[in-house]
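A short write-up of the structure that comes next.
The values are calculated or read from the model by the stated rules, or taken from the named source; none is laboratory data. What you see is a predicted model; the values in this text were computed from it and never measured. With ideal geometry, Cβ positions are generated from the backbone for all residues, glycine too; neighbour counts draw on all protein chains shown. The accessibility values were calculated without ligands, DNA or RNA, using every heavy atom of the protein model including side chains. Shrake-Rupley method; radii C 1.70, N 1.55, O 1.52, S 1.80 Å.
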Amino acid sequence: MTRRPERRALVVGVRPEKREEYLALHRAVWPGVERKLTECNVRNYSIFIFGDILFAYYEYVGEDHEADMRRIADDQVSQEWWTHTDPCQMRIAEERDPGALWQPVEEVWHLE
């Protein structure tokens, strides 16, 4: 890889009554979900939790982020995964990505 990865960050809330369910799901993420993320050029993906706020960070190493995100969205395993995770989440930030639960966060500083 010669080009630098794109750093991406997102934020969403976790419903307090679904917090433990969400954490349990992520203690055993389905291999098919992880495989599709990797196939679609997602690397170094982490989700952090602070109270009822989830913060995700990943690096994108492909050439067409939108096309790769569509490939993930079209994947049947990922769609099934989301039927379990989406009910645990709620939008808490300004809607920058229409309809999405997870909303992008703007990077303000980076140290290499």
Reported set for the range 83-112 where residues are open to solvent by 40 Å² or more (accessible area, probe 1.4 Å), within 24 Å of T38 (Cβ to Cβ) and in contact with a helix residue (DSSP H, G or I) (Cβ under 9 Å, 6 or more places away or on another chain) is H84, L101
Just one of (1) closer than 20 Å to R7 by Cα; (2) at pLDDT below 95 trips up P98, so point out which.
-> (1)
Under 8 Å between Cβ atoms, at least 6 apart or on separate chains: pull out the pairs that start in the range 54-66 with a residue that is farther than 10 Å from C40 by Cα and end on any residue that is at pLDDT below 95 and in a strand (DSSP E or B).
-> none
Among the residues listed as R27, R71, the single one being surrounded by 12 or more Cβ atoms within 10 Å (Cβ to Cβ) and modelled with pLDDT of 95 or more = R71
All but one of (1) closer than 12 Å to Q89 by Cβ; (2) crowded, with 16+ Cβ neighbours inside 10 Å hold for E21, so report the exception by its number.
-> (2)
Across the range 67-112, which residue is farthest from H26 (Cα to Cα) among those that are in contact (Cβ under 8 Å) with a residue 40 or more places away in the chain and in contact with a Gly (Cβ under 6 Å, 6 or more places away or on another chain)?
-> I92
Can you find even one residue in the range 28-43 that is in contact (Cβ under 8 Å) with a residue 12 or more places away in the chain, part of a helix (DSSP H, G or I) and in contact with a Cys (Cβ under 9 Å, 6 or more places away or on another chain)?
-> no
Mind listing whichever residues of the range 1-25 are in contact with a helix residue (DSSP H, G or I) (Cβ under 8 Å, 6 or more places away or on another chain) and in a helix (DSSP H, G or I)?
-> K18, R19, E21, Y22, L25
